[in-house]
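First up is the structure itself, then whatever we jot down about it.
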Amino acid sequence: MTKASELREMNDEQLSFALQETQKELFQLRFQAATERLDAPSNIKRLRREIARIQTLRRERELSQQKNA
């Protein structure tokens, strides 16, 4: 699990990459859950929260750029 402070240190490209990777991992876990091969269901919740954190930071940056422009 990535902390918000660690995510804030990343640049926009790194955040986009982290978002893509997290979404891929979530898809794989959902697939495992559908085929009843999921070991830890709590990982789905963890990944959903991490995706939300990343999207929130991206939105904050977008709003601050609009404000400064």
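The values are calculated or read from the model by the stated rules, or taken from the named source; none is laboratory data. Fair warning: this is a prediction, and the values are worked out from it, not measured in the lab. Here the Cβ positions follow ideal geometry from the backbone for every residue, glycine too, while neighbour counts run over all protein chains shown. These accessible areas exclude ligands, DNA and RNA; they are computed on the full protein's heavy atoms, side chains included. Shrake-Rupley method; radii C 1.70, N 1.55, O 1.52, S 1.80 Å.
Quick check on the stretch 7-23: of everything there that is surrounded by 11 or more Cβ atoms within 10 Å (Cβ to Cβ) and over 10 Å from the mean Cα position of the chain (by Cα), which residue is farthest from R61 (Cα to Cα)?
Q14
Please go through the stretch 24-47 and pick out each residue that is surrounded by 12 or more Cβ atoms within 10 Å (Cβ to Cβ) and either outside any helix (DSSP H, G or I) or in contact (Cβ under 8 Å) with a residue 12 or more places away in the chain (or both).
Hits for the stretch 24-47 are E25, L26, L29, R30, L38, N43, I44, R46, L47.
What tally of residues in the stretch 48-58 results from selecting those that are among the small types (G, A, S) and either in contact with a Pro (Cβ under 8 Å, 6 or more places away or on another chain) or open to solvent by 80 Å² or more (accessible area, probe 1.4 Å) (or both)?
Count: 0.
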